[in-house]
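Scroll down for the structure; my scribbles are underneath it.
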Amino acid sequence: MSYQVPKFRHPELPRNELGYTRADYEGSVSTLCAGCGHDSISGSIVRACHELSLEPHKIAKLSGIGCSSKSPTYFLGKSHGFNSVHGRMPSVVTGAAMANRDLLYLGVSGDGDTASIGMGQFTHAIRRNLNMVYIVMNNGCYGLTKGQDSATADEGSASKKGDPNPFGAIDLPGLALQLGATFVARSFSGDKEQLVPLIKAAMTHRGFALIDVVSPCVTFNNNTASTKSYEFVREHAAATGTVDFVPMREEITTSYPPGQSQEVTMHDGSVLHLHKVSEELDPFDRSSALLALERYRSSGQILTGLIYMDKDSRDLHEVLETSRRPLNTLVEEDLCPGDKVLQNINASLR
Amino acid sequence: MKSLEAVNEFVIKFANVNGTGSASANNLFAKALFRMGLPVSPKNIFPSNIQGLPTWYEVRVSEKGYLGRRGGVDIMVSVNPQSMPQDIKEVEPGGYFIYDDTKPLDLRLIRNDVNIIGLPLTRICNEQYSDPRQRQLFKNVIYVGALAALLDMDFAVITQLVGDQFKGKEKLVLPNIHALELGHQYVKSNLDCPIGITVRTSDQVGEKILLDGNTALGLGAIYGGATVAAWYPITPSTSVVDAYEKYAKRLRIDPGTGSRNYAIVQAEDELAAMGMVIGASWNGARAFTATSGPGLSLMSEFLGLAYFAEIPTVLFDVQRAGPSTGMPTRTQQSDVLSAAYASHGDTKQVLLFPSTPKECFDMGAASFDLAERLQTPIILMTDLDLGMNDNMSEPLHWDDDRKYDRGKVLSADDLDRIERYGRYLDVDGDAICYRTYPGTHPEKGAFFTRGTSRDEYAVYTERGEEYEKNMHRLMAKWETIKQYVPKPQVIRSKQKTDTALLYYGTSEESSREAMDYLAEDGIHVNAMRVRAFPFNDEVEAFLHEHERVFIIEQNRDAQLRTLLMAEFELGPDKLKSVLCFDGTPISARNIRKQILLQMPGYNVTPLRRERVVGNGE
């Protein structure tokens, strides 16, 4: 069962440009386990959408199957949602995005949904540079079937059941980079200060934006021998730098010391500030990003933050040269060539 | 030996090597006859291969208008030594075997009951052309020229046709006409012609066109307003999306901006293709995919979601011989059961069965109306025979006053007028509920689409009674659907009879021809062509009206019969099977033979002279 969140809120909750409070971006009460990392990510999504003043009904949230994929019910209650089939969310988003290019597509998936059953669709959505945000709620295990290792579980990591995982992990950001993803980030469900601006930047990016969010499973994979536990991630996370996202309509008020920050203007005019960026990583250079990922991985650390971004990304609609008008708004006059044309075609077939 | 004699009624078969350009020359031959006003039915029987394996092209010519396969071959044009032993065996006694006599015929192959005609095709080519590719290509055109003389065809029609076919590539016209003349001249100067089988200009074509079903489906999708096509290449369905793209490039470019009013995505597999169709349809675009058996298997998972979540979905299934990879370039009607009940759990899918290119166009376009009106997958079941062969068809027509039926969709204003929106609330009592597109209204109408159980307001629930209520409503919708799908067509015998034939799709033409043969045998039958599943009430009444009904289909397991037995709880005493599943289209003679064998009082020895021969007989 899903339960509606009580509508009563503090009357002085801050309102965004559209007059919406954060409550307008919330969904039903979560039925995930208490303390689940996924709920924190849902909270970050709510905050990011509120702060960006997005119209909730202009967002479509889609997911596959699993704990992660249940979470879209728990945010953005005014948005259409689609809980599709295990591992097949990317294809459903592809079709939806082709039908209406004017909505924002937020895909939510898990590590099983993405790195195992949905690997094929995940890679091809990247390859086509579908204009969507793809959030992986990555806990290294299958929660709904009680804690089996997933393909992102690290070698040697052990879940609550206690057996060390004998297989190497699939690193989703690394894979995405190799496949040509145009926006790649990693974060941690417990670090909203990092995650919220990353979600905002991803939502503004034109093209496929992956955020792999390590999100501990408190029930099956939060023990000491697990590399996806709160404790382990806190101790081993290394950030690429801090990301500040300044929406198009807002004035840039913070001043950043010269030499330590980089400014990126997004296609809608928003500005992304990256500061205290590590010397070792140029997030606008794919090979630098790949190297940094590998270097941190081999030293036993988890690199988080914005890892790579292609400022000149061209999304699938641009490649296909589809009409600016959403295809789902076209009517008979736009679509049907009429009988006269058909009679000419008949004539050519005699 | 008595040679076959016929005017405008015969079967000719070409035996070629795949990849040598023979299909275009054979098509030229068939189309020339069509232009002479003769009903023709060409069938390309090709291998799963790009170059080298044997391929055949059979043309039925019938002034009487029979367009199905008759069975048997009257004239064999043998251009492929690989298949010669098999090919000469197929010729009817008194028929004609035309071969390349540059090399002498193997004495062991010679049949005394067949007219053997030699044409030195290779020798002529070697004398005329130095380029090996030209030698190969023009060999085909030369035998077409030779046939024109042998059959007494109107040579001017062929040369005119060459001009039309190479419009825009004029420098190819003269060399092709020259090659035609080489063959023509050789026969005129060296052989007795015409042979016993000849053609004469007729007027049996009228306004009809020659078109393959896949192109008609692609055009149907254009006219039906499809904007999103998602697909994965698979024979024999590939040319559906090829045709859609070809016409979209001409007819769907925005005049102001030059941008495209369509999107075609070549998916990573059929699973993804179906996911894209569902995503686009959910979002209010008309979308479709085309596939064949193996793709249908992969799409089953998603078809269950679309059925249960009630998302309009259009799927064109161009059937081929299964199971597994089966015979990927041969025809069958063997996906009927897997499509009708596609997906796990209790599912029933709507099927349409077109028989002609015109029906492919009409039903293809109508699929989008039906899918949106009924909010469920529409699976149009065609096959390789209809899809990839040129079929003579009534011309296509579009009513310019026609409006698309977009089904029950609420606008922002509609939403403002209702108190509480429920996606799965049966407001009108027809078990079809109201949809909303994402992005319609800032406050109302949003809901969660899911494959898990939910209540009438689309809220997740695991309460058994809510689940059951929903499943009952889906069955009530199934009843509503019966009123919308195309009705069957019935042919009544002039004589009173308790025997009937029931067929669908590409079995139609051969079945109708078989009815004429049976009438000569003294067996009169009524006939019904089923055009959709769920079966309309007329189908049930028709079955009850007869003592025995022969269900004619092109698969091993009598799949439509199984479906009829399951839906109407009828027994095998009443429903008899007539089957063909060798990968070639069912022939009229085959149908007649199978029916005679099962008719009470008819000896198992056929009454007419019959020789069991190869393909499809």
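Just so it is clear, none of the values below were taken in a lab; they were calculated from the coordinates. What you see is a predicted model; the values in this text were computed from it and never measured. No Cβ is skipped: glycine too gets one built from the backbone with ideal geometry, and neighbour counts run over all protein chains shown.
Of all DSSP-defined beta bridges confined to chain B, some 35% are antiparallel rather than parallel. Consider a paramagnetic label point 7 Å from the Cα of B:D164 along Cα→Cβ; state which residues of the range A:325-350 have an amide N under 18 Å from it. Hits in the range A:325-350 for B:D164 at 18 Å: A:342-350. Computing FRET efficiency as 1/(1 + (r/R0)^6) for B:T497 and B:Y457, where r is the C-beta to C-beta distance and R0 is 45 Å, gives about 0.25. With R₀ fixed at 25 Å, the C-beta to C-beta distance from B:T122 to B:R200 puts the FRET efficiency at about 0.20. Computed on the Cα atoms alone, the convex hull of the range B:4-113 gives a volume of 107 cubic angstrom per residue. Treating each Cα of the protein assembly as shown as an identical point scatterer and summing with the Debye formula, the log10 of I(q)/I(0) at q = 0.05, 0.09 Å⁻¹ comes to -0.37, -0.99.
If you take the Cα centroid of the range A:294-343 and the Cα centroid of the range B:228-281, the two points sit 15 Å apart. What lysines does B:K496 reach when the alpha-carbon gap must be under 24 Å and sequence neighbours fewer than 8 apart in one chain are set aside? The qualifying lysines are B:K487, B:K574, B:K576, B:K593. Other protein chain C-beta atoms within 10 Å of residue C-beta, averaged over B:405-417: 0. Principal-axis analysis of the Cα atoms of chain B puts helix B:508-520 at an angle of about 60° to the longest axis.
When both the range B:405-443 and the range A:4-58 are represented by their alpha-carbon centers, they are found 25 Å apart. Model label points for B:S411 and B:R556, set 7 angstrom from Cα along the Cα-to-Cβ axis, are 5.6 nm apart.
Qualifying trypsin sites (Lys or Arg not before Pro) in the range B:124-214, where qualification requires a DSSP coil assignment and no more than 16 other C-beta atoms within 10 Å, comprise B:K167, B:K169, B:R200. When the GluC sites (Glu not before Pro) in the range B:474-573 are filtered for DSSP coil states and for at most 13 other beta-carbon atoms within 10 Å of their beta-carbon, the remaining sites are B:E547, B:E569. Between B:I50 and A:V319, take the C-beta separation as r, use R0 = 25 Å, and let me know the FRET efficiency to the nearest 0.05. After rounding to 0.05, the efficiency reads 0.30. Each residue in B:I481, B:I552 was given a count of other beta-carbon atoms within 10 angstrom of its own, and listing them fewest first yields B:I481, B:I552. Compactness of chain B is given as radius of gyration and Dmax, 26.6, 89 Å, from Cα positions. Legend: residue pairs A:K61/A:K192; B:K2/B:K64; A:K78/A:K200; A:K70/B:K482, Cα-Cα distance threshold 26 Å; pairs beyond threshold, A:K70/B:K482. The residue list B:N115, B:I88, B:G145 was ranked by how far each Cα lies along the charge dipole of the range B:79-149 toward its positive end, using unit charges on Cβ atoms, and B:G145 comes out on top.
With both labels modelled 7 Å from their Cα along Cα-to-Cβ, the A:M248 to B:K246 distance reads 4.2 nm. Under the combined filter of DSSP loop state and at most 14 neighbouring Cβ atoms within 10 Å, the range A:267-350 retains these GluC sites (Glu not before Pro): A:E279, A:E280, A:E321. If you take the charge dipole of the protein assembly as shown about its Cα centre, with +1 on Lys and Arg Cβ and -1 on Asp and Glu Cβ, which of B:G451, B:G183, B:G304 is farthest toward its positive end? Projecting each Cα onto the dipole axis, the largest value belongs to B:G183. Using all pairs of distinct alpha-carbon atoms, the Kirkwood hydrodynamic radius of the range B:6-198 works out to 16.7 angstrom. The magnitude of the dipole of chain A, with charges of +1 and -1 set on the Cβ of Lys/Arg and Asp/Glu and taken from the Cα centre, is near 820 debye. Taken about its Cα centre, chain B carries a charge dipole of about 1260 debye when Lys and Arg each add +1 at the Cβ and Asp and Glu each add -1 at the Cβ.
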